[in-house]
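Asker: First, the structure itself, so that you have it in front of you.
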Amino acid sequence: MLKRCYLSALVIGATLSGCAGQATTAQPATPRPSQSNATQTTPVAPADFAAWRTGFRARALAEGIKPAVFDGAFKGVTLNQQVMELDGRQAEFSRQIWDYLDTATSATRVSTGRQKWEQLKPALRAIEQRYGVDARVVLAIWGMETNYGSYRGNTSTIEGLATLAFEGRRRTFAEAQLMAALQILQAGDVSPEKMRGSWAGAMGHTQFMPTSYLEYAQDFTGDGKRDIWAEDPTDALASTAYYLSRFGWDHNAPWGVEVRLPAGFDYRLADQNQLQPVAYWRNQGITTIDGQSLPDHGEAAILVPAGARGPAFAIFNNFKVIRRYNNATSYAMAVGHLGDKLAGGGEFVAPWPRDEQALSRTEKEELQRRLTARGFDTKGADGVIGPNTINAIRAYQQSVGQIADGYASASLLKQLR
């Protein structure tokens, strides 16, 4: 199963530091799946690309792709320089999670989503009934991925993936996706001309990668095609619902709830991997934000995405399920929050520390180097605030008598300087 950690830049244009498998505050939001940042691309000759294509054609035919399908798919395909540039671009600047959420769950996006709900209510209710996944969460993913279908990407999937496969930095991944794309074409679900999407191969209204399409795409309309590219988004929305259901969506539970932490709370317990029964958190003195007893929806973890100065949340299994769609804490929060707003919910109660400036990638690397130099080893200085860095920050904060929330902030860097 591919964990995808980089799409929503199609719509939001945000770059938030971190990536797959790391319980970070804010993570990349550019087309998926999870990948590290690239180095500068090297100029290549068209003859080299032609040689690679010849070799890949032989492998595709050996895998059962018909010659006519391959040749039709690759007709007019050349190296896409824009794809190579995007794949080789390192993100230097990042946004704070509250800025990301402001855009992701804006009044305009909520208003548009409610309009889409009214337009598609019969189909959305039928999808919810069949797959047991909240329709407004599916709607929120659609809003996050392509702004409800208004921008699905216009890069040829074959050309984009062929470019990535030839480039070689992630050849194994790209060739697997390209082979899957050819299988989709051979099945007749879409033509090469209509198979378009993000520069990294994500397709359709809800941006499925080809391998995920093969496993999870649905023909909900019953026309014999799993058409996630059509103007009618029904198949795409059903495919997203099915995907979430396969990873354990609980229709009777929320993604999370905003909570109030007691005075003296041990912030070392605020970790997405620190799952505990709700009774445990109740015994810690944690309540809902309005002081009510914490609801029991199975095991929960405590999330403080902006450290001790920002809102706190109890997150349940559905939060983890959303992260299977895009493995970013910020993305899962945005989907959950947007879904709640579409259902009539409001803003979070506790304020964000909006005076806190975002750290650039270079500043994060400096933060890691300074922590390590003081004896709090971050296991490298890559500008990614993952578990090792969070643990190092907590150890440092504890050593100087501060709240050990593990939050990588500009004020912390200033203090280390």
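Asker: Looking at Gly346, Gly336, Gly380, Gly375, can you tell me which residue is surrounded by fewer than 16 Cβ atoms within 10 Å (Cβ to Cβ) and under 30 Å from Arg136 (Cα atoms)? Quick ask: steps written out before the conclusion?
Answerer: Numbers: Gly336 fails: surrounded by fewer than 16 Cβ atoms within 10 Å (Cβ to Cβ); Gly380 fails: under 30 Å from Arg136 (Cα atoms); Gly375 fails: under 30 Å from Arg136 (Cα atoms).
Going through Gly346, Gly336, Gly380, Gly375 in turn, the sole match is Gly346.
Asker: Kindly indicate whether any position in the stretch 355-366 is touching a Lys or Arg at 6+ places or on another chain (Cβ under 8 Å), within 30 Å of Thr112 (Cα to Cα) and surrounded by fewer than 21 Cβ atoms within 10 Å (Cβ to Cβ).
Answerer: Yes.
Asker: Which residues, counting only those in the stretch 359-377, are in contact with a helix residue (DSSP H, G or I) (Cβ under 8 Å, 6 or more places away or on another chain) and farther than 13 Å from Ala91 by Cα?
Answerer: Glu366, Leu367, Gln368, Arg370, Leu371, Thr372, Arg374, Phe376, Asp377, listed by residue number.
Asker: Are any of the residues in the stretch 248-266 surrounded by 16 or more Cβ atoms within 10 Å (Cβ to Cβ), modelled with pLDDT of 95 or more, basic (Lys, Arg) and touching a strand residue (DSSP E or B) at 6+ places or on another chain (Cβ under 9 Å)?
Answerer: Yes, the conditions are met somewhere in the stretch 248-266.
Asker: Next up: Test each condition in (1) in a helix (DSSP H, G or I); (2) of a type outside the set (Val, Ile, Thr); (3) surrounded by fewer than 18 Cβ atoms within 10 Å (Cβ to Cβ); (4) touching a residue at least 40 places away in the same chain (Cβ under 8 Å) for Ala279 and report the one that comes out false.
Answerer: Ala279 satisfies every listed condition except (4).
Table: residues versus (1) assigned by TED's automatic domain parsing to the domain that holds Asp219; (2) of a type outside the set (S, T, N, Q).
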| residue | (1), (2) |
| --- | --- |
| Trp229 | yes, yes |
| Ala241 | yes, yes |
| Gln292 | no, no |
| Pro305 | no, yes |
| Ile322 | no, yes |
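Asker: Which members of the stretch 216-244 meet the condition of being outside any loop (DSSP other than H, G, I, E, B) and either aliphatic (A, V, I, L, M) or touching a Gly at 6+ places or on another chain (Cβ under 6 Å) (or both)? First the steps, then the outcome.
Answerer: Initial filter on the stretch 216-244 (outside any loop (DSSP other than H, G, I, E, B)): 216, 234-244.
Of everything in the stretch 216-244, those that are outside any loop (DSSP other than H, G, I, E, B) and either aliphatic (A, V, I, L, M) or touching a Gly at 6+ places or on another chain (Cβ under 6 Å) (or both) turn out to be Ala236, Leu237, Ala238, Ala241, Leu244.
Residues checked against (1) surrounded by fewer than 19 Cβ atoms within 10 Å (Cβ to Cβ); (2) more than 19 Å from Glu85 (Cβ to Cβ); (3) modelled with pLDDT under 95:
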| site | (1), (2), (3) |
| --- | --- |
| Gly149 | no, yes, no |
| Thr155 | no, no, no |
| Thr163 | no, no, no |
| Gly168 | yes, no, yes |
| Phe173 | no, no, no |
| Ala181 | no, yes, no |
| Pro210 | no, yes, no |
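The values are calculated or read from the model by the stated rules, or taken from the named source; none is laboratory data. Since the model is a prediction, treat every value here as computed from it, not as a measurement. All Cβ positions, glycine included, derive from the backbone under ideal geometry; neighbour counts span all protein chains shown.
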